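Here is the structure we will look at.
FYI, it's all coordinate maths here, none of it is from the lab. In this text the structure is predicted, and so the values were computed from the model without any measurement. For neighbour counting, all protein chains shown are included, and Cβ atoms are generated from backbone atoms with ideal geometry for every residue, glycine included.
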Amino acid sequence: MTDLTIFMLQTWGALPEVLRFIVVTTLKIFGIILPLIIVVAYYTYAERKVIAFMHARMGPNRVGPMGILQPIADTLKMLLKEVIVPANANRFLFVLAPVISLIPALAAWAVIPLNETFVLADINAGLLYVLALTSMGVYGVILGGWASNSKYAFLGAMRSASQMIAYEIAMGFALVGVLMAGGSLNLGEIIRAQEGTVLSWFWLPLFPLFLVYLISGFAETNRSPFDVAEGESEIVAGFHVEYSGIAFGIFFVAEYANMVLIAALTVILFFGGWLSPLQGIPGLKDSILAQPSFGWLASKMLFFMFCFLWSRATFPRYRYDQVMRLGWKVFIPITIAWIGVEAVMSYMDIGPWA
Amino acid sequence: MINGILFYTFATVLVFAALGVISSRNPVHSVLFLVLSFTQSSALWLLLGAEFLAIVLVLVYVGAVMVLFLFVVMMLDVNAEQMREGFTRYLPLGLAVAFVLVVEIGYVIGFKIPGSPFSSVPEGYPADYSNIKELGAVLYTEHVYAFELAAVILLVAIVAAITLTMRKRPGLKKQKISEQVSVRREDRVRLVKVEPFKE
């Protein structure tokens, strides 16, 4: 060891424990957030490419080979553009709103287990924490719509707020079913409860809840076919119609980060997280393919992230009253019924969660 | 030491946010200050190790109740000046109530009556202690009747609120969504085979 490394190690050892903890945790946070931001940037590129191919178009193909540098060019453009604050807007809240919508989408990653051992905060109430944080995302939308002091933005904010509240309830009930099956609120424990073959993952025993969760996830992130909050043909662009430059960009990043988060949660709660789909197959028992790893989590997440884009290119937009009907009158009864079925089954000791 | 710093930071922000609720001119700002004070008090609960209560406070109050509050306050045209009219008139009464409350809290915590649960600092629980499990165990065994009773009362309140606001107006044109959803292509589109026109 050179003198320099010894010196650095000694300095590190001399720091108070609290400070060392803070430094290590901060580094871990950056280790999660920076890749996440890159994923979000390239998610926008993937969206344009995927939808373009579905429309038999080329998609972005000018910046770099195959348009691969497009997200960087977009980011630079938005950073350089002026953020215009409307004259009658509430300046403070107008600037605060995009930030409020971004923070929960990033903070929820603290409890997401990325592989068997690494999770930033392994807390007991992980599922509740995620639910609480995603329920705070609606403030960004409401405040953005209100602070703009514009009718279109306000209408978009109102639509989006009532939609998010409605679908949050269905989502919460779907999660109740998961935690009954998993027997824990800790996300790592929930994944471990799904150990076995592909058929023992929760998507099969909780199939109705899985469907409700995925569709509510689309609605919760204001994605097509539930993007009535934006509704270009009716209310221009909804809550962010007055935003320009990077303030708009942050709303954009928040939306995509939320999509990635919902994909991750779907995988963790219903598709065995980092568990391998080849786990139960006898011939592969000791091979690397059957081991749980981050790769499995990532590839399953990619599939659900693709589903978000797929549905956008496939379905026409719902009418607003039908969105509300689906949330309140279809999804909530389905989830309640399935929780009842699950409760009876687990009381009678039948089924996978006995 | 870290706990102390965190506690005083959160507590200071909490007090200022609570003052902001009653002193800000814009009702929307008041609601937002209330949201801030809820999040701060949930942080205080986290410091006490009551993670379930802290997260449920955020989930229920910040995530649901205050969103509806904000909704209503933004939609209504609340005149803040009109609501502020009685401020000086009610100030002495408010101060008196606040004084009684402060004395009571101080009496319980500050004077450390021997034998009361506040006379000594309660021992902390180990890190793997799950207060969700404990709460659930108590709530569904010992206090199950009170719990069910509360649920029934809430249900009655919901039914009452809905009946109060439900009005049947004659001649109202309504969309029958179930009919709209169950429509088939055959009901709407008729494919006709047209013979090509020939001279």
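Pick from B:GLU104, B:GLU51, B:GLU142 the residue whose mean-square fluctuation is largest in a GNM of chain B, springs joining Cα atoms under 10 Å.
B:GLU104
Fewest Cβ neighbours within 10 Å first, please rank A:LEU204, B:LEU101, A:LEU127 accordingly.
Least crowded to most crowded, the residues run B:LEU101, A:LEU204, A:LEU127.
At a 10 Å Cβ-Cβ cut-off, how would you order B:MET66, A:MET54, fewest neighbours first?
Fewest to most other Cβ atoms nearby, the residues stand as A:MET54, B:MET66.
To the nearest 20 Debye, how big is the dipole of the protein assembly as shown about its Cα centre, given +1 on the beta carbon of each Lys and Arg and -1 on that of each Asp and Glu?
2020
So how tilted is helix B:66-75 from the main axis of chain B? Cα-based, degrees 0 to 90, rounded to 10.
Roughly 60 degrees between the two axes.
Compute the helix-to-body angle for B:27-47: its Cα long axis versus the longest principal axis of chain B, expressed 0 to 90° and rounded to tens.
Result, in degrees: 60.
Cross-link partners among lysines for A:LYS329, C-alpha distance below 24 Å, same-chain residues fewer than 8 apart left out?
Within reach: B:LYS168, B:LYS173, B:LYS174, B:LYS176.
Given the -39500 (n - 2.57) contribution per DSSP H run of 4+ residues, what per-residue ellipticity at 222 nm results for chain A, rounded to the nearest 500 deg cm²/dmol? Intermediate values should be presented prior to the final figure.
Working: 14 runs with 225 residues, N = 354.
Mean residue ellipticity, 222 nm, calculated: -21000 deg cm²/dmol.
Can you tell which of A:VAL178, A:SER135, A:GLN291 lies farthest toward the positive end of the dipole of chain A, using +1 and -1 charges on the Cβ of basic and acidic side chains (Lys, Arg; Asp, Glu)?
Towards the positive end, the residue furthest out is A:SER135.
Using just the alpha carbons, could you tell me how many Å³ per residue the convex hull of the range A:86-347 encloses?
Per-residue hull volume (Cα only) is 123 Å³.
Sort A:PHE331, B:PHE10, B:PHE99, A:PHE306 by Cβ crowding within 10 Å, fewest neighbours at the top.
Least to most surrounded, the residues fall as B:PHE99, A:PHE306, B:PHE10, A:PHE331.
Which of the DSSP-defined H helices in chain A satisfy a minimum axial length of 27 Å, computed from C-alpha atoms, and a minimum mean Kyte-Doolittle hydropathy of 0.0?
Span-like helices in chain A: A:17-54, A:151-182, A:245-270, A:294-314.
What area, in nm² and to one decimal, does the C-alpha convex hull of the protein assembly as shown cast on average over all directions?
Approximately 42.0 nm², given one-decimal rounding.
Specify the inter-centroid distance of the range A:293-313 and the range A:87-101, based on alpha-carbon positions, in whole Å.
Using only Cα atoms, the two centres lie 33 Å from each other.
Once the convex hull of the C-alpha atoms of the range A:59-119 is built, how many Å³ does it hold per residue, rounded to a whole number?
Normalising the Cα hull of the range A:59-119 by residue number yields 157 Å³.
With the Cα gyration tensor of chain B in hand, give its eigenvalues times 5 under a square root as the equivalent ellipsoid semi-axes, listed largest first in whole angstrom.
Numbers: eigenvalues 533, 155, 86 Å².
Here the semi-axes work out to 52, 28, 21 Å.
Can you give me the angle between helix B:144-165 and the longest principal axis of chain B, using Cα atoms only, in degrees from 0 to 90, rounded to the nearest 10?
That helix lies at roughly 50 degrees to the long axis.
Which residues does a label at A:PHE294 reach in the range A:20-49, if reach means a backbone N under 14 Å from a point 7 Å past the Cα toward the Cβ?
Correct set: A:28-39.
How big is the range B:1-81 along each principal axis, measuring the range of its Cα positions in Å and listing the largest first?
Largest first, the range B:1-81 extends 46, 23, 10 Å along its Cα principal axes.
Kindly give the semi-axes, whole Å and largest first, of the ellipsoid equivalent to the range A:1-80, taking each as the square root of 5 times a Cα gyration tensor eigenvalue.
Rounded to whole Å, the semi-axes are 44, 14, 11.
How much net charge surrounds A:MET54 when only other residues with a Cβ under 12 Å from its Cβ are counted (Lys, Arg +1; Asp, Glu -1)?
+3
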